[in-house]
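The structure appears right after this line, and notes come after that.
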Amino acid sequence: HEENVEAILSSVVYFMSRNFKAYSTLAFIFDPNQRVFQLNAHYSKSPNIKSKVTIPLGKGIIGEVGSEKKSFMSGNLPLYRSEILYYQQSETINSLLAVPILSEQNELLGALVLDSLDKQAFRDQDKEILKRFSVLAAALINNARMRIFQEKTAKTFQLFYQASHNFSTALKQENVFDVLFNIIPLIVKCSRQLAIIFEEETRSGLVIKAAGTNPDIPIGFRFPINSGLYSFVFQKRKPVIIGDFQQYQSKYFRFQPNEPQNPSIRTLAIYPIIDDENRCRGIVSIEATEPDQITSDIEHILAALFENASVAFTRAILYQHMERLATTDGLTGLNNHRHFQEMLSKEIERSKRYKRPLSLLLLDIDHFKSFNDTYGHPVGDLVLKEISLCIRKSIRINDIPARYGGEEFTVIIPETNFDGAMVIAERIRSTIECHIIRSYEKQLHVTVSIGCASFPSHVINQQELIDCADKALYYSKEHGRNKVTVYSPAMSECGKKK
């Protein structure tokens, strides 16, 4: 961020050039992270100054001034072996004066340099004056850095405010990952991000979201939680931050042994998302094509960000659980009646918008009351559960099953007319008929009657669709049960009202 102090040091260099009879006047800023001096501003009679030069600490005269934090002055420079390093080609420099720029705490900030083609061009008095310039330069650099720090702090506060606001509205787990994927590139330069959740049933990690370049790991990739860096984060619930992964790829692997190496990954950071029971529910990884992108400052910011993300993730789990309780039948796990009505309304609107057919099935378990009276309510509940499993097994992934009430079930069948719906209904009926329900030592069988109606073939609104499916169901029960009937306008009006 030293470009922010360039104008200040340019003015210092300008006044230096007016006060001294120098061939070149230069100001260097010291970068403590890279441990190099960077030429920040200069005024020279030579066209050969390296404007982008960096000088490592301890190398050449300027580097030694920094490492020793002492001034250097010579009127016969060729006698010294050390180089000055800031000219593109040889110049006959005979005199050089350099002083370090130090803070009040003796921290190295930079260096001011004068040189001359003349011998013995500078005296002790010049050194004292240049030291005064270095005090001024130190104050200006510190002020500029303080301003940069304040700007960074304000930016960080703004990011956290934005993240906190977005986390507060993240009601699903995937929404939490969306917030992270949007915020992280504003904090650290990265080329790719992965979001991975833990699957309890398979004890594996599943990639559910990816962004950026070099997509060597696709969405849907699954890996066992047993070894590798990502598994370590899942198991230990601690982040892993590697400054240059290329140095460790022969020693460590990300997901599983013998995986192909990815030379584009230099910086790699893997952060856990932990719930309120201290379980790792997911992780987010950050990759960069350049090394050492996670500085200590960024590391602290990311740590705080993922703490907030973990809280938001736990809240999203709770919200989804409560939503499930509100929309799911507790016994069968199917959608409850209220949610069924909401879903049917949405599907009818979609059917109208895209001019696509929609069908509805109503199912009723045959003789369920007498069955319940004979075997008792616990067995009756078991039958309801088994019927719901048979329905799930018989329908397509986009079909929407629900418990309508009591021993009645319903299935919304989008994008399907009554001919297609009858095929699905018959599959449900035959699956239930063939299914054996085992209760203690008994092997029980039940059958269902099914009615089918379609929109817009039979009806023009939601309630009519339910009524017509109910009339078709009633017809099935009146004509032998264990059968499927599609609605016909000729059917009696005596069907039950739902």
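Only the coordinates and a few stated rules stand behind these numbers; no lab work does. On a predicted model such as this, the values are computed, not experimentally measured, just so you know. For neighbour counting, all protein chains shown are included, and Cβ atoms are generated from backbone atoms with ideal geometry for every residue, glycine included.
The distance between label points at residue 304 and residue 106 comes to 3.2 nm (points 7 Å beyond Cα on the Cα→Cβ vector).
Here residue 203 and residue 160 are evaluated by their C-beta separation; at R0 = 35 Å the FRET efficiency comes out at 0.50. What the phi angles of the range 472-486 give under the Karplus curve with 6.51, -1.76 and 1.60, with θ = phi - 60°, is a coupling list of 5, 4, 4, 5, 4, 6, 6, 10, x, 6, 6, 8, 10, 10, 9 Hz, glycine and proline written as x.
Averaging the Cα positions of each part gives two centres, and for the range 338-409 and the range 149-189 these lie 42 Å apart.
Going through the cross-link list 70/152; 209/352; 393/483; 355/477, which pairs have a Cα-Cα distance over 27 Å in this structure? Write down the numbers at each step before the final one.
On the way: 70/152 32 Å; 209/352 33 Å; 393/483 19 Å; 355/477 32 Å.
Pairs exceeding 27 Å: 70/152; 209/352; 355/477.
A simple spin-label model places pseudo-atoms 7 Å from Cα toward Cβ; at residue 244 and residue 277 they are separated by 4.4 nm. Have a look at 344, 317, 298 and report the one farthest towards the positive end of the charge dipole of the range 289-381, computed about the Cα centre with Cβ charges (Lys/Arg +1, Asp/Glu -1). Highest projection toward the positive end goes to 344. Helix 337-354 and the longest principal axis of the Cα set of the chain meet at an angle near 80°.
Under 19 Å of direct C-alpha separation, and excluding same-chain neighbours fewer than eight residues apart, residue 442 reaches these lysines: 369, 385. Stretching the chain fully between residue 189 and residue 264 yields a gain of 25.6 nm (0.36 nm per residue, less the alpha carbon separation). Per-residue ellipticity at 222 nm from helix content only, as computed over the chain with -39500 (n - 2.57) for each DSSP H run of at least four residues, stands at -13500 deg cm²/dmol.
Under a model in which nothing but the beta-carbon of Lys, Arg (+1) and Asp, Glu (-1) is charged, the range 173-324 shows a dipole of about 260 debye around its Cα centre. In a DSSP loop and with at most 10 other Cβ atoms within 10 Å, the GluC sites (Glu not before Pro) in the range 392-498 are 441, 493. Could you tell me which of 215, 228, 241 has its Cα farthest along the dipole of the range 199-247 towards the positive end, charges placed at Cβ (Lys, Arg +1; Asp, Glu -1), taken about the Cα centre? My answer, from the dipole projection, is 241. When the label point is put 7 Å from the Cα of residue 11 along its Cα-to-beta-carbon vector, which residues of the range 123-146 have a backbone N closer than 17 Å? The answer is 133-146, whose backbone nitrogens lie closer than 17 Å to the label point. Between residue 149 and residue 54, the C-beta separation translates, for a Förster distance of 22 Å, into a calculated FRET efficiency of about 0.45.
Please work out the FRET efficiency for the pair residue 393 and residue 419, using the Cβ-Cβ distance as r and a Förster radius of 22 Å; give the result to the nearest 0.05. Display every interim value, and only then the final one.
Numbers: r = 22 Å, r/R0 = 0.99.
Calculated transfer efficiency: 0.50.
Modelled spin labels at residue 338 and residue 435, positioned 7 Å past Cα toward Cβ, are 2.6 nm from each other.
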